[in-house]
Structures are given as C-alpha cells and as structure tokens.
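*Asks:* I have a structure here, written as structure tokens, and I will follow up with some questions on it.
What follows draws every value from the coordinates through simple rules; no lab data is involved. What you see is a predicted model; the values in this text were computed from it and never measured. Here Cβ is always computed from backbone atoms with ideal geometry, including for glycine, and neighbour counts include all displayed protein chains.
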Amino acid sequence: MKTIAVDFDATIHEYNGFDGDDPKGVPLPGAREGIRELMKDCRVVIFTARKPEFVRRWLERNGFPALQVTNEKSPSFTVILDDRGLNFGGNWETAVRQLKGFRPWWCPNRDPDE
C-alpha cells in the first residue's frame with residue numbers, strides 16, 4: 001500500500017505565515033474530501049513542522065478522520081504532497097533554476113521567508 005505524506009500548512013490548513021504551534025486557520029476547500037478519497041487506497045500521514053499533538057487536535061476539531069501526524073521525514077513515504085515541493089527530474093541545472101524562482105501558491109508575489 002502506498003504511503004502518502006500530506007503537508008499540513010497551505011495544503012490542508014489555510015496558511016498565511018506561521019502563527020504558532022496551535023493552528024488557527026480553517027481547512028482548505030476540498031481537503032477533507034481529498035484526504036478521505038486518498039484513504040480508500042493509500043495510507044495517509046500528515047507531515048508538519050508544527051508539534052504533532054496540536055495538529056491532531058486541529059484535525060479532530062475540523063472533522064478530519066483520525067490520521068497519523070508526524071514532524072519527521074520518513075523513507076517509507078511513497079510521495080509527499082506539499083505546497084513548497086518541486087519534483088527533482090534528474091537535472092540539476094533545471095532544478096537550480098526552478099528552486100531560485102520558486103514561490104508557494106499562497107504568496108506568488110513575495111518571498112515567503114521575508
């Protein structure tokens with residue numbers, strides 16, 4: 001069975017910059033339904049930089065099914081769904097160009113680290 005790691009902020013949870021360990025935003029449209037659809041055929045793990053216990057409580061409060069939450073990257077993940085991810089296609093020249101110009105979907109006009 002595939003194991004899919006789904007990032008929390010800006011993928012499941014509304015995100016406009018880090019707001020502390022206890023998430024305050026709302027679910028992104030379609031997130032609950034998408035997670036449930038993935039769970040039909042895959043093991044879904046929520047991946048976050050936040051403290052997992054806070055994310056578990058947020059998921060429960062917002063009607064998500066019980067899911068494993070981790071802040072540790074695992075080699076058992078088949079794929080990671082993330083708002084800040086790029087696929088490395090085997091060419092470093094292309095990767096460097098894409099990485100230097102990368103902006104997450106939620107802040108296309110500014111550097112997210114500013």
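*Asks:* When the dipole is taken about the Cα centre of the chain, and only Lys, Arg (+1) and Asp, Glu (-1) are charged at their Cβ, what size is it in debye, to the nearest 20?
*Replies:* Rounded to the nearest 20 debye, it is 260 debye.
*Asks:* Sticking with this one: Rg and Dmax of region 70-113 over Cα atoms: what are they, in angstrom?
*Replies:* Every Cα atom of region 70-113 included, Rg and Dmax give 12.6, 35 Å.
*Asks:* Residue by residue through region 37-47, what is 3J(HN,Hα) from phi via Karplus (6.51 cos²θ - 1.76 cosθ + 1.60, θ = phi - 60°)? Round to whole Hz and write x for glycine and proline.
*Replies:* Couplings: 5, 4, 5, 5, 10, 9, 8, 10, 10, 8, 10 Hz.
*Asks:* Helix 92-101 sits at what angle to the longest principal axis of the chain, using alpha carbons and giving 0 to 90 degrees rounded to 10?
*Replies:* 70
*Asks:* Could you size up the charge dipole of region 22-86 around its Cα centre, putting +1 on the beta carbon of Lys and Arg and -1 on that of Asp and Glu, and report it in debye to the nearest 20?
*Replies:* Here region 22-86 has a charge dipole of around 160 debye.
*Asks:* Using only the Cα atoms of region 1-82, what semi-axes does the equivalent ellipsoid have when each is the square root of 5 times a gyration tensor eigenvalue? Give whole Å, largest first.
*Replies:* Value: 19, 14, 11 Å, ordered largest first.
*Asks:* Once you put a point 7 Å from the Cα of Lys100 and another 7 Å from the Cα of Asp21, both along the Cβ direction, what distance in nm separates them?
*Replies:* Here the modelled spin labels are 3.9 nm apart.
*Asks:* Mean residue ellipticity at 222 nm from the helices of the chain, using -39,500 (n - 2.57) per DSSP H segment of n ≥ 4 over the full residue count, to the nearest 500 deg cm²/dmol?
*Replies:* Using -39500 (n - 2.57) per qualifying helix, the result is -7500 deg cm²/dmol.
*Asks:* On to the next question. On a 0 to 90° scale, report how tilted helix 52-61 is relative to the longest principal axis of the chain, with both axes built from alpha carbons and the result rounded to the nearest 10.
*Replies:* 60
*Asks:* Cross-chain or 8 or more residues apart, Cα under 22 Å: how many lysine pairs in the chain fit that? Count them up, please.
*Replies:* 4
*Asks:* Next up: Which of Pro52, Leu38, Ala10 sits closest to the plus end of the dipole of the chain, meaning its Cα is farthest towards the positive end, when Lys and Arg get +1 and Asp and Glu get -1 on the C-beta?
*Replies:* Leu38
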